Amino acid sequence: MKITKEIIERIEGEATLELEWEEEKIRFAKIKFMNFRGIEQILKNRPIHDAIAITPRVCGICSSSHALAATLAIEDCFLQEEEPLHITQKAHDIREIVLNGEKIQNHIKWFYFSILPELKKMANVSFNDAFKDKEWLEAQQMVMESLKIVAIFSGQWPHGSFLMSGGVTCDPTLSDVFNAQNCLDSIIRFCERSLFGCPLDEFLSYDSAIQIMGSHSQLTSAIDVMMHFGFDSCGRSYDRFLALGSSYMYDGALKSVKTTVMGADVKYVHESLENTFFESQSSGYTYSKSALYRKNYFEVGPLARLMLSKDPLIRDLHRRYKDATLTRVVARLAECAHLLRRTSFLLKKLNLRESSFLPPKYNLNYCTCKGVGVVEASRGTLIHEISIKNGYISQYDIITPTVWNLGNGDRQNPSVAQKAIIGLDSIQKADFIFKSFDVCSVCTTQ
């Protein structure tokens with residue numbers, strides 16, 4: 001028996017789950033993304049730096065991540081030509097501040113707009129009430145405060161134009177930094193009061209799942225409901241994690257199987273066209289490609305990043321519940337806490353006297369080379385690969401986080417999300433676990 005569930009609410013874009021059942025359990029799940037826009041094709045034969053302006057249009061949620069990945073790919077081309085660019089610390093810090101602001105708004109929006117309403121519906125609380133709560137309205141205000149931080153440094157949101165190979169084009173004033181800090185302080189106060197139920201530093205000091213339950217907060221309530229419906233044991237996948245982009249929380253690209261952490265390299269990434277319309281118009285059923293590392297599926301995103309950085313709280317949750325849905329949900333909110341503290345630190349140390357941009361002394365206009373840019377976006381590892389021929393883009397490839405987590409494997413080798421769904425006895429649980437990965441079908445099909 002097959003049951004098809006269209007998912008068009010509270011995800012970025014649209015998706016369909018086609019569930020195959022056997023003995024009242026899900027035997028297999030097909031994840032379908034049907035809207036294709038062809039950004040990679042649009043970029044062909046264009047000037048190199050058009051990539052920085054066009055790729056942010058891939059997604060209205062993580063546009064800064066795409067712009068940065070494109071910029072890093074172009075900067076890698078300079079490196080391959082043995083003409084490495086010098087990026088000042090100020091430019092590095094501004095790039096990270098913008099990326100952090102983007103992640104913070106995404107994590108808050110995802111929890112209050114997608115996760116919390118689903119949990120309230122499961123607990124027989126009126127669905128509409130979830131969008132009338134004072135905390136929900138305040139959460140939307142905090143999303144806007146996060147976006148103000150992004151806009152202060154990037155010029156606008158979405159699709160800010162502040163990045164160039166060689167640094168950033170913005171030159172913030174002390175007033176800009178002061179305004180950004182005020183926005184961040186508002187978000188921190190909200191999270192302390194409603195989301196975490198305790199001061200930020202106290203939450204970040206937690207090293208046990210039991211400590212979370214000692215406070216009265218939206219997170220605590222969410223954990224209660226998830227445990228009641230068994231999400232502390234279901235939604236488990238391969239227990240394999242990957243982060244190829246840089247972070248202040250760990251050194252270099254890393255992967256892990258369960259808790260064993262080791263080095264990783266982007267050269268081992270493989271993009272599969274299996275089950276896509278690109279491979280076969282007759283047997284394909286999705287526009288979403290799949291991304292694998294050494295032919296294996298790995299989970300990317302906040303849970304992966306915190307497992308790889310050996311965060312004490314998430315490691316304790318993993319010890320108790322492995323990579324279950326509950327661990328995945330808490331990890332995204334725990335990362336939000338880390339991002340709040342890190343962004344405050346970056347704003348305080350930002351050296352406004354330093355240069356924002358140092359123009360390249362070398363010209364790529366007559367070069368033929370390749371470059372790769374990797375960014376840890378809100379949902380996980382984002383990869384841009386650019387091929388340049390005589391100064392123009394000859395090929396462009398984008399591997400998005402959703403392609404890692406929600407790819408389409410087969411019955412012998414299902415993707416991360418497919419494995420998390422197989423074996424469930426409820427469509428409602430499958431829907432929730434699907435959304436726990438923070439789905440973005442827009443990025444996936446570009």
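List of remarks:
- Qualifying residue in the stretch 86-106 (condition: of a type in the set (K, R) and over 21 Å from S146 (Cβ atoms)): yes
- Test result for S282, within 24 Å of the chain's Cα centre (by Cα), modelled with pLDDT under 95 and not hydrophobic (A, V, I, L, M, F, W, C): no
- For the stretch 16-63, the set of residues classified as out of contact with any Asp or Glu (no Cβ under 9 Å at 6 or more places or on another chain) and among the basic types (K, R) consists of R37, K44, R46, R57, listed by residue number.
- I61 meets each of the listed conditions (1) over 16 Å from T169 (Cβ atoms); (2) crowded, with 24+ Cβ neighbours inside 10 Å apart from (2).
- The stretch 33-58: number of residues that are surrounded by fewer than 21 Cβ atoms within 10 Å (Cβ to Cβ) and under 14 Å from V442 (Cα atoms): 8
- Qualifying residue in the stretch 21-34 (condition: in a strand (DSSP E or B) and free of Cβ contacts under 8 Å to residues at least 60 places away in the same chain): yes
- When L382 is tested against (1) over 27 Å from L184 (Cα atoms); (2) modelled with pLDDT of 95 or more; (3) not in a helix (DSSP H, G or I), just one condition goes unmet, and that condition is (1).
- Restricting the search to helices (runs of 4 or more DSSP H) fully inside the stretch 77-196 and requiring at least 3 residues that are without any contact (Cβ under 8 Å) to a residue 60 or more places away in the chain, under 25 Å from C336 (Cα atoms) and among the polar types (S, T, N, Q) gives 134-154, 174-190.
- Some residue of the stretch 56-76 being farther than 25 Å from S154 by Cα and either free of Cβ contacts under 8 Å to residues at least 24 places away in the same chain or not β-branched (V, I, T) (or both): no
- G197 at positive phi, out of contact with any Cys (no Cβ under 8 Å at 6 or more places or on another chain) and crowded, with 22+ Cβ neighbours inside 10 Å: no
- Tally, over the stretch 317-348, of residues that are under 22 Å from E118 (Cα atoms) and among the polar types (S, T, N, Q): 2
Residue-wise test of (1) of a type in the set (S, T, Y); (2) crowded, with 24+ Cβ neighbours inside 10 Å; (3) more than 16 Å from E20 (Cβ to Cβ).
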| site | (1), (2), (3) |
| --- | --- |
| N405 | no, yes, yes |
| Q412 | no, no, no |
| G423 | no, no, no |
| Q428 | no, no, yes |
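- I188 crowded, with 18+ Cβ neighbours inside 10 Å, over 18 Å from L303 (Cα atoms) and either modelled with pLDDT of 95 or more or among the hydroxyl-bearing types (S, T, Y) (or both): yes
- The condition of being touching a residue at least 40 places away in the same chain (Cβ under 8 Å), touching a Lys or Arg at 6+ places or on another chain (Cβ under 6 Å), more than 28 Å from C170 (Cα to Cα) and not in a strand (DSSP E or B) does not hold for D431.
- L306, sole failed condition from (1) assigned to a loop (DSSP other than H, G, I, E, B); (2) within 24 Å of G245 (Cβ to Cβ): (1)
- Considering each residue of the stretch 364-371 in turn, at least one proves to be part of a loop (DSSP other than H, G, I, E, B), of a type in the set (A, V, I, L, M), out of contact with any strand residue (DSSP E or B) (no Cβ under 6 Å at 6 or more places or on another chain) and under 22 Å from F162 (Cα atoms).
- Residue in the stretch 114-121 that is crowded, with 21+ Cβ neighbours inside 10 Å, closer than 30 Å to V330 by Cα, among the hydroxyl-bearing types (S, T, Y) and within 22 Å of the chain's Cα centre (by Cα) present: no
- Residue pairs meeting the criteria (Cβ under 9 Å; at least 6 apart or on separate chains; first within 22 Å of K310 (Cα to Cα), in the stretch 226-241; second among the aromatic types (F, W, Y) and assigned to a loop (DSSP other than H, G, I, E, B)): S237/Y297; Y238/Y297; Y238/F298; R240/Y297; R240/F298; F241/F298
- Only one of the listed residues (R315, R353) is at negative phi, basic (K, R) and in a helix (DSSP H, G or I). That residue is R315.
- Positions within the stretch 283-297 being surrounded by fewer than 20 Cβ atoms within 10 Å (Cβ to Cβ), of a type in the set (S, T, N, Q) and within 21 Å of F241 (Cβ to Cβ), in sequence order: N296
- The listed residue being more than 23 Å from K348 (Cα to Cα) and buried (at least 23 other Cβ atoms within 10 Å of the Cβ), out of S161, S165: S165
The values are calculated or read from the model by the stated rules, or taken from the named source; none is laboratory data. For clarity, every value in this text was computed on a predicted model and none was experimentally measured. Ideal geometry is used to build each Cβ from the backbone, glycine not excepted, and the neighbour counts take in all protein chains shown.
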